[in-house]
Amino acid sequence: MSYRTVGKAVPRVEGIDKVTGATQYTADLPIPGALWGKILRSPLPHARLVRVDTSKAKKLPGVHAVLSGADLPPVLIGTRMKDMPVLARERVRYVGEPVAAVAAESREIAEQALSLIEVEYEEIAAVFDPIDAIRPGAALIHEDRSRYKNAPSIPEGAPNLQSLKVWKNGDLEAGFQRAARIFEHTFRTQLTHHGYLEPHACAVRTDPNGKVEIWACNKAPYGLRDQLAEDLGIVKEKIKVHIMSVGGDFGGKASLIDVPICYFLAERSGKPVKVVLEYSEELLAAAHRHPAVITLRTGVEEDGALSALQAKVIFSGGAYAAHKANPEVTVLGGRRLASYYRVPAIQVETYCAYTNQVPCTQTRTPGSPQIVFAMESQMDIIARELGLDPVELRMRNLLEAGDASPMGEKWQHICVRETLKKAVEASGWGRSRAAKFCGRGVALYERGTPSGKASAAITIETDGRITVLTGVPDVGPGFYTVVQQIVSETLGVETDRVQVRFEDTDSLPYDPGTGGSKTTNTSGHAAYKAAREVREKLMALAARKFGCSLEEIRQVSGRFVGPGRQNSFFEELARLAVAENGGPIFHLTLYEPSDQPPVTSFAAQVAEVEVDPGTGQIKVKKVTTAHDAGIVLNTLTYQGQIDGGVVMGLGLALMEETPMVDGRITTLNLGDFKMPCIKDIPKLTTVLLESPTGPVPYQGKAIGEMPNVPTPAAIANAVADAVGVRIFDLPLTAEKVYWSLRSKDKG
C-alpha cells in the first residue's frame, strides 16, 4: 500500500533546534534564585558509618542546607523494590554511594562545603563477584532484605540474592537423554555504563503549600512523579514534573537517581535547588549495565537438532535493586534465550546478586546482549565440533510456521529463516576471505513489540493547523517525527501542518515514557487513536454539510468525499468545526490495548573482521544486518536506529568497560571508558524485510532494541573464524586475543 507520509524519510521535527543549540536540557535551565546542590560520596565499597559531622559545612557563608542520612526520614526508595536510602544510613555499600549533600549559592561554595564534612568509616568485608556473593558464608550486603517493600521471594539460605527467576518448558531430562552430545560452556560479560552524553541533572522547587515542581533528564516523567509520591509520602497531585529533552538514555534515566536528594535540599533551604552530576560521578555512581556469568548446557542430536537447553545466568545487580523497573526485580533477557530456535525442553535460572558495586539497571535490551553473546557463541562452537557450517546448523534449528518458541509462545508470520538468508546473501558469506586472518561470524536475535496504556490530545487550531500533545520526552530516536507522520497520514494533511508538543505531567492523564521498544506502540497508538476520532468528527460534519449519511463519506488523501463528487479539504472542514465550536477544538483520548497481537521480530547479523596475530588487534571491516521490519514508518530514523544500535553493540563487543579495583571504578572519564569513534565504525549494510504484519500504527514493528544485541556474538564468532581462538568473556580486547593465540601456539 502506498502512503502519503508513512514510509518516507521525513526529517526530524526537533533536528534544527538540536543542531543550532536552541534545545534546552535540564542543566541549561535558568531557574531564578536556584542554589547549587552537590553530593558527598563514599570512597569505600562496604563500611559502617561511625560518624558524619556536618557542623563545619553548615557554618560556611553561602551554604543554605547540609544533609546527612540522620537528617532525613528513614524512607527507602526504588522503582519497584524499595531497598535504597536517599542518603546512606548506618553503612555504605558501594563506592560512590551518597553520604551527605549540600545546597549553596555557587558550585564552588558547595564543593568547599563538601570538603568540610567529616566522615568516619569502619570498613567491612566486601564482595564483588556475583558467584561469590551467593555462596554460603558470603559477607552479607543486606542483612534483612525481607523488610524491603516489593522484595521478591527467594530460597532460604541464599545470601545476597536480589531475585531469582526460573523459566522452563518441556521435559529437560528426556531432552538430554536424546542428545548424542552435550556441550557445556561458561561466558562472562562486563560492567559498562550507558554512554549517554548528557549527565544526570535535576532541579526542584517547593512552595509553602507543599507543591513540588521538578525538572529532570528522565525518560518517564509520570513514573518519576508516581514513584516520588509513593516513596516520600507526597500527594501525587501536588507534584508537577516538567517534560524535558533528554540527551541520551539507553535505559539509564528511568529511576529517581538524585531527585530525592534535590527535593530534600529544596525543602530544607526553602529555595529551588539544581543538581548536575560531573561525568566522573556518572561513571562512578550512576546505574550501569549488569555484568553476567552465563553457563549453558546444550544437548544436540546426531543431525545437529537441539534437544535440550539448560542455563544458569548470574547477574551482578550491584548494591541495590532500586533502579530495576520490572515486577520480578531481575534481568529479563533470560526469558528470550534461544527464542528463535526449536528447543523442545528448556530451563533458564536467572539469579541477580547483590554485590558491592554501583547499582545496575536496564540497558538497551536488558540482559539480551549478554544472553545472546553466550547462546550464539555456543552455537558456533557446536557447529565447528560437528563439522557443520555455522549458518547450516542454525538453519536446521530455526523456527518455522506453526512451531512454538522454546517457552511455548505461538507467533504468526515467522520469518527468521528468510531474515538469516538475507543477511547471509548480502554479507558475502561463503566467498573467499579478503586476507589470511579475516573471518566472518553470524548471530541472531528475536524480540517483540510491547504495548501499554497512554494518552494523547489533538488540538485543531483556528487556522486549521494541528497540534499533537504527548507526554513522551525526546530521548533521541525520533518519536515526535513518527507521531507527526502518523497524524498527518490519518488526517490526510501535509506533515508541516502538524506540530508535536510536550509540557508536563499535569497536561495529560498518563504516559509510560520511552523504553522497552514500546513507544510507538503505546504513545504512538494514542496519537493515532486521537487522530482517527478527530477524523470521525470531521466526517460527521462533512455528512451534515453534504446532506448524506456518515457511511457515504470517504476520505481520499486530504479530501472528504461524499455522493455526487461533493468534497471538502481537511482545512475547510477544520475551520468550519472550529467556527461551530467557537474556538480551537481540543480532543483528548486514552489508549489501553486489551491484548497484544501474536507477532514478533527477527534480526540477523554477519560481522567480518581482520585480526592481527602479532598484536591481537581486531578490526571490524563490515557488519551486515537484516531485520524483519513490518512496515517502516520513517526510513531515515529507522536506519539511524539500526546504525546507532550496531555501533553500540560494537562498543560492548570490543572496548567498553568500567573495571573496578578494590570496588572503585577506574575509568572516570569518557576517554578512558573508550566508546567507539568514527574511525572504529565499519562498513554498515542493512537489508529490510518489509511486510504489513506489525502491531504499531500502519503495521510497523519495533527497532530500537534489536540491532545492538547480535553484534558482540557475531564479532566474537568472526574472531574465532579468523584466527581459531574462542574468547569467552567481553570485551574482546587485543590482549585477550594475543594471549589466547600464544596459548594455542604452546599447545
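Only strands (runs of 3 or more DSSP E) wholly contained in the stretch 450-505 count here; list those with 3 or more residues that are in the same structural domain as Lys537 (by TED's automatic domain parsing) and among the small types (Gly, Ala, Ser). Quick ask: steps written out before the conclusion?
Working: elements: 454-460, 466-470, 498-502.
Hits in the stretch 450-505: 454-460.
For the stretch 152-185, which positions are assigned to a loop (DSSP other than H, G, I, E, B), surrounded by 14 or more Cβ atoms within 10 Å (Cβ to Cβ) and modelled with pLDDT of 95 or more?
Asn160, Gly170, Ala179, listed by residue number.
Looking for whichever is buried (at least 22 other Cβ atoms within 10 Å of the Cβ) and more than 30 Å from Ser255 (Cβ to Cβ) here; the options are Arg394, Arg336. Which one fits?
Arg394
Considering only the stretch 650-747, give the helices (runs of 4 or more DSSP H) lying wholly within it that have at least 1 residues that are under 30 Å from Asn356 (Cα atoms), among the charged types (D, E, K, R) and under 25 Å from the mean Cα position of the chain (by Cα).
Counting at least 1 such residues, we get 670-673.
Quick check: anything in the stretch 222-229 outside the structural domain of Glu503 (by TED's automatic domain parsing), within 22 Å of Gly334 (Cα to Cα), of a type in the set (Asp, Glu) and not in a loop (DSSP other than H, G, I, E, B)? Write out each step before concluding.
So the first thing to find is which residues in the stretch 222-229 are outside the structural domain of Glu503 (by TED's automatic domain parsing), and the list is 222-229.
Add one more test, that the residue is within 22 Å of Gly334 (Cα to Cα), and what stays is none.
Checked the stretch 222-229: no residue is outside the structural domain of Glu503 (by TED's automatic domain parsing), within 22 Å of Gly334 (Cα to Cα), of a type in the set (Asp, Glu) and not in a loop (DSSP other than H, G, I, E, B).
Within the stretch 710-719, identify whether any single residue is modelled with pLDDT of 95 or more, surrounded by fewer than 22 Cβ atoms within 10 Å (Cβ to Cβ), of a type in the set (S, T, N, Q) and closer than 30 Å to Lys8 by Cα, and answer yes or no.
No, because not a single residue in the stretch 710-719 is modelled with pLDDT of 95 or more, surrounded by fewer than 22 Cβ atoms within 10 Å (Cβ to Cβ), of a type in the set (S, T, N, Q) and closer than 30 Å to Lys8 by Cα.
How many residues are of a type in the set (Gly, Ala, Ser), surrounded by fewer than 16 Cβ atoms within 10 Å (Cβ to Cβ) and within 23 Å of Gly334 (Cβ to Cβ) when one looks only at the stretch 397-420? Don't jump to the end; show me each part of the working.
In the first step, residues of the stretch 397-420 are kept if they are of a type in the set (Gly, Ala, Ser); the result is 401-402, 404-405, 408.
From what's left, surrounded by fewer than 16 Cβ atoms within 10 Å (Cβ to Cβ): 401-402, 404, 408.
Retained after the next criterion (residues that are within 23 Å of Gly334 (Cβ to Cβ)): 404, 408.
Result for the stretch 397-420: 2.
I need every pair where a residue in the stretch 402-426 that is closer than 14 Å to Val343 by Cβ has its Cβ under 6 Å from the Cβ of a residue that is of a type outside the set (Phe, Trp, Tyr) and crowded, with 22+ Cβ neighbours inside 10 Å, sequence separation at least 6 or different chains.
Going by the 6 Å Cβ cut-off, the qualifying pairs are Ser405/Ser339; Pro406/Ala338; Pro406/Val343; Pro406/Ile346; Val416/Leu399.
Can you spot a residue in the stretch 695-708 that is on the phi < 0 side of the Ramachandran plot, among the basic types (Lys, Arg) and in contact with a strand residue (DSSP E or B) (Cβ under 8 Å, 6 or more places away or on another chain)?
Yes, there is a match, as at least one residue in the stretch 695-708 is on the phi < 0 side of the Ramachandran plot, among the basic types (Lys, Arg) and in contact with a strand residue (DSSP E or B) (Cβ under 8 Å, 6 or more places away or on another chain).
Would you confirm whether any residue within the stretch 488-497 is touching a Leu at 6+ places or on another chain (Cβ under 7 Å) and closer than 30 Å to Val556 by Cβ? Working first, answer last.
Let us first name the residues in the stretch 488-497 that are touching a Leu at 6+ places or on another chain (Cβ under 7 Å), namely none.
Looking for residues that are touching a Leu at 6+ places or on another chain (Cβ under 7 Å) and closer than 30 Å to Val556 by Cβ, one finds none in the stretch 488-497, hence no.
For the stretch 96-108, how many residues are surrounded by fewer than 20 Cβ atoms within 10 Å (Cβ to Cβ) and in contact (Cβ under 8 Å) with a residue 12 or more places away in the chain?
Pass one, the stretch 96-108, residues surrounded by fewer than 20 Cβ atoms within 10 Å (Cβ to Cβ): 105-108.
Of the ones still in play, those that are also in contact (Cβ under 8 Å) with a residue 12 or more places away in the chain are 105-107.
Residues meeting the conditions: 3.
How many of the residues making up the stretch 263-298 are outside any helix (DSSP H, G or I) and either under 30 Å from the mean Cα position of the chain (by Cα) or buried (at least 24 other Cβ atoms within 10 Å of the Cβ) (or both)?
Total meeting the criteria: 19.
If I filter the stretch 471-489 for residues that are more than 18 Å from the chain's Cα centre (by Cα) and closer than 24 Å to Glu580 by Cβ, do I get at least one hit?
Looking for residues that are more than 18 Å from the chain's Cα centre (by Cα) and closer than 24 Å to Glu580 by Cβ, one finds at least one in the stretch 471-489, hence yes.
How many of the residues in the stretch 109-136 are free of Cβ contacts under 8 Å to residues at least 40 places away in the same chain and within 21 Å of Ser55 (Cβ to Cβ)? Give the derivation first.
From the stretch 109-136, those free of Cβ contacts under 8 Å to residues at least 40 places away in the same chain are 115, 132, 135-136; that's our starting set.
Checking which are within 21 Å of Ser55 (Cβ to Cβ) leaves us with 115.
Counting residues in the stretch 109-136 that are free of Cβ contacts under 8 Å to residues at least 40 places away in the same chain and within 21 Å of Ser55 (Cβ to Cβ) gives 1.
So, in the stretch 113-142, how many residues would count as being surrounded by fewer than 16 Cβ atoms within 10 Å (Cβ to Cβ) and either touching a His at 6+ places or on another chain (Cβ under 6 Å) or assigned to a strand (DSSP E or B) (or both)?
4
Taking only the stretch 558-592 into account, find how many residues are among the small types (Gly, Ala, Ser) and surrounded by 14 or more Cβ atoms within 10 Å (Cβ to Cβ).
Matching residues across the stretch 558-592 total 5.
Would you confirm whether or not the stretch 232-251 contains a residue that is crowded, with 23+ Cβ neighbours inside 10 Å and either of a type in the set (D, E, K, R) or more than 26 Å from the chain's Cα centre (by Cα) (or both)?
yes
Any idea which residue in the stretch 1-47 is surrounded by the most Cβ atoms within 10 Å (Cβ to Cβ), counting only those that are touching a residue at least 24 places away in the same chain (Cβ under 8 Å) and of a type in the set (Gly, Ala, Ser)?
Restricting to residues being touching a residue at least 24 places away in the same chain (Cβ under 8 Å) and of a type in the set (Gly, Ala, Ser), the top hit is Gly37.
Scanning for something closer than 24 Å to Leu283 by Cα, within 28 Å of the chain's Cα centre (by Cα) and either among the β-branched types (Val, Ile, Thr) or at pLDDT 95 or above (or both), does the stretch 64-77 turn up at least one residue? Before the answer, list the steps.
Pass one, the stretch 64-77, residues closer than 24 Å to Leu283 by Cα: 67-69, 76-77.
Narrowing the set further to residues that are within 28 Å of the chain's Cα centre (by Cα) leaves 76-77.
Now narrow it down to the ones that are either among the β-branched types (Val, Ile, Thr) or at pLDDT 95 or above (or both): 76-77.
Within the stretch 64-77, one or more residues are closer than 24 Å to Leu283 by Cα, within 28 Å of the chain's Cα centre (by Cα) and either among the β-branched types (Val, Ile, Thr) or at pLDDT 95 or above (or both).
Does Leu224 satisfy the condition of being modelled with pLDDT under 95, crowded, with 24+ Cβ neighbours inside 10 Å and in contact with a helix residue (DSSP H, G or I) (Cβ under 8 Å, 6 or more places away or on another chain)? Break it down stepwise before answering.
On the way: modelled with pLDDT under 95: no; crowded, with 24+ Cβ neighbours inside 10 Å: yes; in contact with a helix residue (DSSP H, G or I) (Cβ under 8 Å, 6 or more places away or on another chain): yes.
Criteria not met by Leu224.
Given the conditions (1) surrounded by fewer than 21 Cβ atoms within 10 Å (Cβ to Cβ); (2) part of a loop (DSSP other than H, G, I, E, B), report the number of the one that Val50 does not fulfil.
(2)
With (1) out of contact with any Lys or Arg (no Cβ under 9 Å at 6 or more places or on another chain); (2) modelled with pLDDT of 95 or more as the list, and Ile553 as the residue in question, which single condition is left unmet?
Condition (2) is where Ile553 drops out.
Here is a list: Val358, Val372. Which entry is part of a loop (DSSP other than H, G, I, E, B), of a type in the set (Val, Ile, Thr) and buried (at least 23 other Cβ atoms within 10 Å of the Cβ)?
On inspection, the qualifying residue turns out to be Val358.
Does at least one position in the stretch 79-90 carry a residue that is closer than 22 Å to Gln357 by Cβ and touching a Pro at 6+ places or on another chain (Cβ under 6 Å)? Please lay out each step first, then the result.
Going through the stretch 79-90, the residues closer than 22 Å to Gln357 by Cβ turn out to be 79-90.
Checking the rest, the ones that are also touching a Pro at 6+ places or on another chain (Cβ under 6 Å) come to 86-87.
Yes, some residue in the stretch 79-90 is closer than 22 Å to Gln357 by Cβ and touching a Pro at 6+ places or on another chain (Cβ under 6 Å).
Can you tell me which of Ile261, Ile257, Ile214, Ile243 is in contact with a helix residue (DSSP H, G or I) (Cβ under 7 Å, 6 or more places away or on another chain) and over 22 Å from Lys518 (Cα atoms)?
Just one listed residue meets the conditions, Ile214.
Within the stretch 23-38, restricting attention to residues that are over 29 Å from the mean Cα position of the chain (by Cα) and part of a strand (DSSP E or B), which residue is nearest to Val99 (Cα to Cα)?
Trp36
Quick one: is Ile214 among the β-branched types (Val, Ile, Thr), crowded, with 21+ Cβ neighbours inside 10 Å and under 26 Å from Thr658 (Cα atoms)?
When the stated conditions are applied, Ile214 does not pass them.
Checking the structure you have, find out if any residue of the stretch 343-362 is within 19 Å of Thr711 (Cα to Cα), touching a helix residue (DSSP H, G or I) at 6+ places or on another chain (Cβ under 7 Å), touching a residue at least 24 places away in the same chain (Cβ under 8 Å) and not assigned by TED's automatic domain parsing to the domain that holds Asn717.
Checked against the condition, which is being within 19 Å of Thr711 (Cα to Cα), touching a helix residue (DSSP H, G or I) at 6+ places or on another chain (Cβ under 7 Å), touching a residue at least 24 places away in the same chain (Cβ under 8 Å) and not assigned by TED's automatic domain parsing to the domain that holds Asn717, the stretch 343-362 yields no hits at all.
The values are calculated or read from the model by the stated rules, or taken from the named source; none is laboratory data. Computed from a predicted model, the values in this text were never measured in an experiment. Here Cβ is always computed from backbone atoms with ideal geometry, including for glycine, and neighbour counts include all displayed protein chains.
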